[in-house]
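Chemist: Attaching a single structure in structure tokens format; questions to follow.
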Amino acid sequence: MKKIFVDHEDIKDGKVLINGDDLHHIINVLRMQVGQQLNICDKKGNEYIAEIAQINKEQIVCCIKDKVSIDIEPKLKISLFQAIPKSAKMDYIIQKSVEIGVNRIIPIMTKRTIVKLDRNNAKRKVERWKKISENACKQSGRTIIPQIDFPINYNEALFQSKENDLNIIPFVGEQKKSLKSVINDNIDKIISVGIFIGPEGGFDRQEIDAAVSREITPITLGPRILRTETAGIVVASIFLYEFGDIGG
């Protein structure tokens, strides 16, 4: 059944209002008719079966037939602080992170970030990233659309990390503290984690020192160096596996 995400405010009195890109897709691509059913999500974890009651050029009106009981969102809330990489790598990072269960993605600008964004360029990119996130949710069956933040600088990201129970930062200069040991030490203590991933050139030592001053733990991912578009997905997947979500 086709899944559609709508704003929570567009569901009221047992009816759902659909407009915008989804309106065009349902009418012109799917060619759906009155009487057919849709899977509706309100972006807050609530899911419904709804039947199309009216179709016009401005909106589609659906009547809710049933509420779906579904529990597929990870209990562990993962925030990915991702340094913006070159080309379309961020598109890939967002798509795959959303598929596996990341809860929030915060694009960050670091000392070695090559991409330079003015406000207009950043706004356009965030709009595209949000669409990629929504499409990944539909494909993977998720019931919420992860938050995609406006890009922020590294220091602001460090400040925001205090919202998490645990924060880690993979760093090639760290040789002792492993991801596995950090997870084992915290598996019964946390419900939220922040993962900091550097750009193509990695973090510099001053950035790592600044992270440590915020109680963000540098870790090693092992003997091989992962690309920026690989590292966050690997780390998030390991966390979700160890916390009983992926592969459970």
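Chemist: Any of K89/K116; K96/K131; K12/K75; K123/K162; K89/K177 with alpha carbons more than 20 Å apart? Name them for me.
Modeler: Numbers: K89/K116 15 Å; K96/K131 13 Å; K12/K75 28 Å; K123/K162 26 Å; K89/K177 28 Å.
Over 20 Å apart, Cα to Cα: K12/K75; K123/K162; K89/K177.
Chemist: Taking only DSSP H segments of four or more residues, each worth -39500 (n - 2.57), what value at 222 nm results for the chain once the sum is divided by all its residues, to the nearest 500 deg cm²/dmol?
Modeler: Working: 7 runs with 78 residues, N = 248.
Taking each H run of at least 4 residues, the total per residue is -9500 deg cm²/dmol.
Chemist: Moving to a separate point now. May I ask you to give the percent of accessible area on region 75-173 that is carbon plus sulfur, with a probe radius of 1.4 Å?
Modeler: 49 percent
Chemist: To the nearest Å, what is the center-to-center distance of region 68-92 and region 109-170, using C-alpha atoms only?
Modeler: Taking the Cα centre of each part, region 68-92 and region 109-170 sit 9 Å apart.
Chemist: Translational D (Stokes-Einstein, µm²/s) of region 17-59 at 20 °C and 1.002 mPa s when Rh comes from the Kirkwood sum over C-alpha pairs?
Modeler: Value of D from the Cα-based Kirkwood radius: 196 µm²/s.
Chemist: Rounded to the nearest whole Å², what accessible area per residue is found for region 18-119 with the 1.4 Å probe?
Modeler: 50 Å²
Chemist: Follow-up question, since we're still on this one. Cα convex hull of region 135-181: mean projected area in nm², to one decimal?
Modeler: For region 135-181, the mean projected area of the Cα convex hull comes to 5.8 nm².
Chemist: State the volume of the convex hull built on the alpha-carbon positions of region 117-245, expressed per residue in Å³ and rounded to an integer.
Modeler: Roughly 130 Å³ of hull volume per residue.
Chemist: Still on this structure, please answer the following. Once a ≥ b ≥ c are taken as the square roots of the eigenvalues of the Cα gyration tensor of region 79-126, is the result rounded (a/c under 1.5), prolate (a/b larger than b/c) or oblate (a/b not larger than b/c)?
Modeler: prolate
Chemist: Now, a different point. When a/c is below 1.5 the answer is rounded, else prolate if a/b is larger than b/c, else oblate, so apply that to region 95-169 with a ≥ b ≥ c taken from the square roots of the Cα gyration tensor eigenvalues.
Modeler: Oblate, because a/c is 1.5 or more while a/b does not exceed b/c.
Chemist: Relative to the longest principal Cα axis of the chain, at what angle does helix 119-140 sit, 0 to 90 degrees, rounded to 10?
Modeler: 70 degrees
Chemist: Still on this model: Calculate I(q)/I(0) for the chain by the Debye formula, one identical point scatterer on each C-alpha and no solvent, and give its log10 at q = 0.13, 0.14, 0.16 Å⁻¹ to two decimals.
Modeler: Listed by q, the Debye log ratios stand at -0.83, -0.93, -1.11.
Chemist: Helix 228-242 versus the longest principal axis of the chain: what is the Cα-based angle in degrees, 0 to 90, to the nearest 10?
Modeler: Rounded to the nearest ten degrees, it is 80.
The values are calculated or read from the model by the stated rules, or taken from the named source; none is laboratory data. Not measured: the values here are computed from a predicted model. Side chains are part of the model used for accessible areas, which takes the heavy atoms of the whole protein and leaves out ligands, DNA and RNA. Shrake-Rupley method; radii C 1.70, N 1.55, O 1.52, S 1.80 Å.
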